[in-house]
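Student: Following this message is one structure expressed as structure tokens.
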Amino acid sequence: MKLWYGDKRHEEAYEQIADYLKSKNVDCGYLLTYDFRKRKDPHSRTSVRFHDVKWVEWEGKRIFDVVLNVGNEECLDANPI
């Protein structure tokens with residue numbers, strides 16, 4: 001689990017996870033990143049949106065990468081619909 005700090009830091013997270021997967025001798029892992037930046041649509045009906053969901057190949061390892069946008073402060077305390 002990580003917080004979004006930009007593309008460069010996200011790539012560093014891939015590196016970290018790939019190293020961890022190597023140390024555990026496994027080929028597949030998961031990266032969940034929370035993005036607290038404000039959304040372009042502040043009137044969204046849900047509090048959380050998938051910003052990006054994809055499989056990434058990194059240093060011979062497969063990483064399922066999910067970025068969740070939870071960026072509207074007023075939504076952080078709201079109940080999801």
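Student: Can you tell me which residue within region 50-65, out of those that are touching a Ser or Thr at 6+ places or on another chain (Cβ under 9 Å) and acidic (Asp, Glu), is surrounded by the fewest Cβ atoms within 10 Å (Cβ to Cβ)?
Tutor: Going residue by residue through region 50-65, those that are touching a Ser or Thr at 6+ places or on another chain (Cβ under 9 Å) are 51-52, 65.
Pick out the ones that are also acidic (Asp, Glu) and you get 52, 65.
Values: Asp52: 12, Asp65: 20.
The extreme case among them is Asp52.
Student: Right, another one. Which condition from (1) in contact with a helix residue (DSSP H, G or I) (Cβ under 9 Å, 6 or more places away or on another chain); (2) at pLDDT 90 or above; (3) of a type in the set (D, E, K, R) is the one that Arg39 breaks?
Tutor: It is condition (2) that Arg39 fails.
Student: Continuing with this model, one more query. Consider region 3-18. How many of its residues are touching a residue at least 12 places away in the same chain (Cβ under 8 Å) and either under 21 Å from Gly60 (Cβ atoms) or touching a Gly at 6+ places or on another chain (Cβ under 6 Å) (or both)? Full working, then the answer.
Tutor: Looking only at region 3-18, we keep the residues that are touching a residue at least 12 places away in the same chain (Cβ under 8 Å), and these are 3-4, 10, 13-15, 17-18.
Next, from what is left, pick out any that are either under 21 Å from Gly60 (Cβ atoms) or touching a Gly at 6+ places or on another chain (Cβ under 6 Å) (or both): 10, 13-15, 17-18.
Result for region 3-18: 6.
Student: Shifting gears a bit: Could you run through region 12-34 and say how many residues are modelled with pLDDT of 95 or more and either among the hydroxyl-bearing types (Ser, Thr, Tyr) or part of a helix (DSSP H, G or I) (or both)?
Tutor: Number satisfying all stated conditions: 13.
The values are calculated or read from the model by the stated rules, or taken from the named source; none is laboratory data. Since we're looking at a predicted model, the values are computed, not measured. A quick note on method: Cβ atoms are made from the backbone with ideal geometry, for glycine too, and the neighbour counts reach across all protein chains shown.
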